[in-house]
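**Student:** I have a structure here, written as structure tokens, and I will follow up with some questions on it.
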Amino acid sequence: MKVKPALIAFLCTAVAFGQANAQGFLKTEGKRIVNAKGEAVILRGMGLGGDMLQEGYMFHLSNLGQQYKIRAGIQNLIGAEKTARFYDKWLANNTRKIDIDSMAAWGFNSIRLPMHYALYTLPADEEPIAGKDTWLEKGFAQTDSLLKWCAANKIYLILDMHATPGGQGNDLAISDRNPDKPSLWQSDANRQKMIALWKKLAERYVNEPYIGGYDIINEPNWGFEDPADKRGTTEKTNSPLKKLMMDVTAAIRRVDKNHIIIIEGNGFGNNYNGILPKWDDNMVLSFHKYGNFNNQGSIQKFIDLRDQFNIPLWMGESGENSNTWFTEAIGLVERNNIGWSWWPLKKMGINNPLEIKEPAGYQKLLDHISGKGSKLSATEAETILNQLLENLKLENNVYHKDVTDAMFRQVQSAAAKPFKSNNITANTTLNAVDYDLGRQGVAYYDKDTASYQYTPGVKTVGNRGHAYRNDGVDIEADADGYYVFSIEDGEWLHYTLNIKKSGVYTIKLSVASPSANGRVSILAQGHQLGLTVPVPNTGGAQNWQTAEIKNVPLKAGVNKLRVLANTGGFNFKSIQFIME
């Protein structure tokens, strides 16, 4: 769905669940985050990944990874001056007031800004005077604008130091780290730079109540005692990390006693060995959660820390999975009085609210930057890059309403609702992929609904085609549109229909199959309508023919139908209703 500014209000289906109604500075009160009135606040947030800090995978450049490599590839094509203008325009187009307005309408009450330190200050090794900090207005001005838009929507802005001076871990892309230079942990100058930057930020925003907190270091992943522990998941004391976070806290508190300090453990925010007890009375413990099961055991160790050290919890980063996983994860943490922030708002791909479309010729650009394709001229590259800049804008994004529906409405309600207005007249065709919005087992049933990439032995992926919708239903495209594929025995799709006239209908299902093994039927309220019919051997996975189910009585008004694959092994493209 392409988003238009005029549709923003229409897109809001979950605002009742998300609005924080900000009241003064957020504070901690025992194990809760509260507003100035002492009311508990559950943060429901979104991270602006890909904005100040590009990670290669977000733009199909996983082989490059870090932003400095992506930038170098672009600069080799169009030169330094045009590259600088490209990145200025990137910041101007990627996140604008319309993005913040939309997030507020969809139900988010907070935004996490992944900051790149180099937009605020020079790298330590580039300072004209060693040990003296040069401040750059670009990052601060960008943050000011974002804060203004957040305040206008009464939602909180959480500052997150995502790319630290030198980089905070061995996952290079998340901090734009150059491994040929000293890391954050290998350079006192880098650490002092980070401390000074946080003090500068705190001075600037000390009196801003819509700053929700300072997330002082994102996902450290470093082996301090054991260099072989590249991810920092088994470190026992984490002493350098604790010292740095305490030093940052002290610097902030010298100028700002208003805002929450958010801490993250080693091992991507999850290893808190040696970190606690807390050293500040207004502190929140953050953990990150990706690709594991959504059961109580998956978060219990953090709840135990909350109880032991009397500190609030915040799931500061999660996402990049299927809608089923989203609904389950958010439901899990909210039942345990834990707020959350999703990742990211937009990138290329379907598992986020906004999808950035690839511009024409983009693959040629990727191949050239990656050193795989034929040389691209500067003029061609500039044309592609300019279109990419336009595609960043929200009104040119693809809005995945199934994602936001899963994050808000489906957490609260098990009901299905129409994905589109399905008004059925005497001869109407619906796309198979436009089944209802709703949970697994309500709007659809698929045997593979989520990715558990960090769970040993579990190989599921959700939507195997990674197209159109982010549910478990497997969807891919052909030249004429989208269709459902990889259909297994017993899987089904649910459709809410508005039948304009009572009558007896023939339902024609557009199907394709390389065999004649498939069988399909139509159900309403659990009762079969008409016969179970065979799926013909169409001679190929995209050679479409019809399977007809005749004599189906439908009453005027709302009808809820289910298309059931009694036996799978076929593809399914559309449903045609013809009054007999």
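Read the figures in this text as sums done on the coordinates, not as results from a lab. Just so it is clear, the model here is predicted, and its values are computed rather than measured. Here Cβ is always computed from backbone atoms with ideal geometry, including for glycine, and neighbour counts include all displayed protein chains.
**Student:** With just the Cα atoms of segment 415-579, tell me how far they stretch along each of the three principal axes, in Å, largest first.
**Tutor:** That works out to 52, 38, 30 Å along the principal axes.
**Student:** Assuming 0.36 nm per residue, please report the length gained on full extension of the stretch residue 206 to residue 517 beyond their Cα-Cα distance.
**Tutor:** That works out to 105.2 nm of additional length.
**Student:** How large is ³J(HN,Hα), in whole Hz, for each residue of segment 546-560 in order, when computed from phi with the Karplus curve 6.51 cos²θ - 1.76 cosθ + 1.60 and θ = phi - 60°, using x for Gly and Pro?
**Tutor:** 10, 10, 9, 10, 9, 6, 9, x, 10, 8, 4, x, 7, 10, 10
**Student:** Under a straight-distance cross-link criterion of Cα-Cα below 27 Å, which lysines are reachable from residue 230, leaving out those fewer than 8 residues away in the same chain?
**Tutor:** List returned: 69, 181, 193, 242, 243, 278, 289, 301, 459.
**Student:** Would you work out the charge dipole size for the chain about its Cα centre, treating the Cβ of every Lys and Arg as +1 and the Cβ of every Asp and Glu as -1, and quote it to the nearest 20 debye?
**Tutor:** 1100 debye
**Student:** How big is the convex hull of the Cα atoms of the chain, per residue, in Å³?
**Tutor:** Measuring per residue, one finds 160 Å³ for the Cα hull of the chain.
**Student:** Further question on the same structure: May I ask which of 393/417; 420/560; 89/372 have a Cα-Cα span longer than 18 Å here?
**Tutor:** 393/417; 89/372
**Student:** Next question. How high is the relative contact order of the chain, given as a whole-number percent (alpha carbon pairs under 8 Å, six or more residues apart)?
**Tutor:** Once divided by the residue count of the chain, the mean separation gives 13 percent.
**Student:** How big is the charge dipole of segment 415-579 about its Cα centre, in debye rounded to the nearest 20, if each Lys and Arg gets +1 on its Cβ and each Asp and Glu gets -1 on its Cβ?
**Tutor:** On the way: 16 positive and 13 negative charges, 127 e Å.
Result for segment 415-579 is approximately 600 debye, rounded to the nearest 20.
**Student:** In addition: Calculate, for residue 144 and residue 37, the FRET efficiency according to 1/(1 + (r/R0)^6) with r their C-beta to C-beta distance and R0 30 Å; round to the nearest 0.05. The partial results should precede the final answer.
**Tutor:** Details: r = 27 Å, r/R0 = 0.89.
With R0 = 30 Å, the Cβ-Cβ based efficiency is 0.65.
**Student:** For n ≥ 4 DSSP H runs only, could you compute -39500 (n - 2.57) per run for the chain, divide by its residues and tell me the 222 nm figure to the nearest 500? Write down the numbers at each step before the final one.
**Tutor:** Working: 15 runs with 154 residues, N = 580.
Value at 222 nm, helices only, nearest 500: -8000 deg cm²/dmol.
**Student:** Also: Take residue 531, project a point 7 Å from its Cα along the Cβ direction, then tell me which residues of segment 551-565 have their backbone nitrogen under 13 Å from it.
**Tutor:** Counting only backbone N, you get 551-552.
**Student:** Related question: Over what distance in Å are the Cα centres of segment 357-373 and segment 280-304 separated?
**Tutor:** 39 Å
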